[in-house]
Amino acid sequence: MVRYLIAAAIALLAGHAAAQEAETPDTIADAYLAAYQAQDFDALAGWIAADAVFIDPTSEAVPGIAEPFHWTGRDAILAGMRSWGASRLEYEIDRRYSASGHVIFDGAVAAIYETPDGVTAYRYPIITILTIAEGQVIEHRDYTDFSGMTQEAR
């Protein structure tokens, strides 16, 4: 009986350790970015901390952007993302690295809009920095080259 309890305890601890290892800042960032690209707001809600911050300081003085992208709190972030009206986003990652709970994506993002008239993509060079703590995104920070935007019909 004692051997069984010890074996069960070891198995439980091993399973817990494996689960902790599976949820690294990188795996959380990947899951978040997949939901973000799909504009899956239900999935995003599970990855965004209640008091998270979304900020893009480069959006502060851009023609066509009414308000800078600076939202605090899960609900405000999700409402802000929804306000874009994009069908989906497509990241092309040129470089990626992580350290100390920060995961950095360097590349380009295309915001895809599907309308009855067709599909249009607006592509921007971007650096996205996700800060992860306690299994959730606590900050999403973008640096977007709005002047480098290209538009393409698809």
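Please treat every number below as a calculation from the coordinates, not as lab data. Here the structure is a predicted model, which means the values were calculated and not measured. Every residue, glycine as well, gets a Cβ built from its backbone with ideal geometry; the counts of neighbours run over all protein chains shown.
Numerical summary
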| item | result |
| --- | --- |
| Full-stretch length increase - Glu134, Ile104 - with 0.36 nm per residue and alpha-carbon distance subtracted | 9.0 nm |
| Cβ-Cβ FRET estimate between Thr120 and Gln37, R0 fixed at 22 Å, reported to 0.05 | 0.85 |
| Kirkwood estimate for the chain, i.e. one over the average of 1/r between Cα atoms, Å | 17.2 Å |
| Length added when fully stretched, Glu67-Thr150, from 0.36 nm per residue minus Cα-Cα | 27.8 nm |
| Value at 222 nm in deg cm²/dmol, rounded to 500, when DSSP H runs of n ≥ 4 in the chain each add -39,500 (n - 2.57) | -10500 deg cm²/dmol |
| Inter-centroid distance (Cα atoms) of the range 40-69 relative to the range 87-119, Å | 14 Å |
| Cα long-axis angle, helix 74-83 against the chain (0 to 90 degrees, to the nearest 10) | 40 degrees |
| Relative contact order (percent, whole number), the chain, Cα cutoff 8 Å, 6+ residue spacing | 23 percent |
| Interchain or long-range residues, amide H under 5 Å from Phe69's placed H | Asp56, Ser59 |
| Dipole in debye (nearest 20) - the chain, about Cα centre, beta carbon charges: Lys, Arg +1; Asp, Glu -1 | 360 debye |
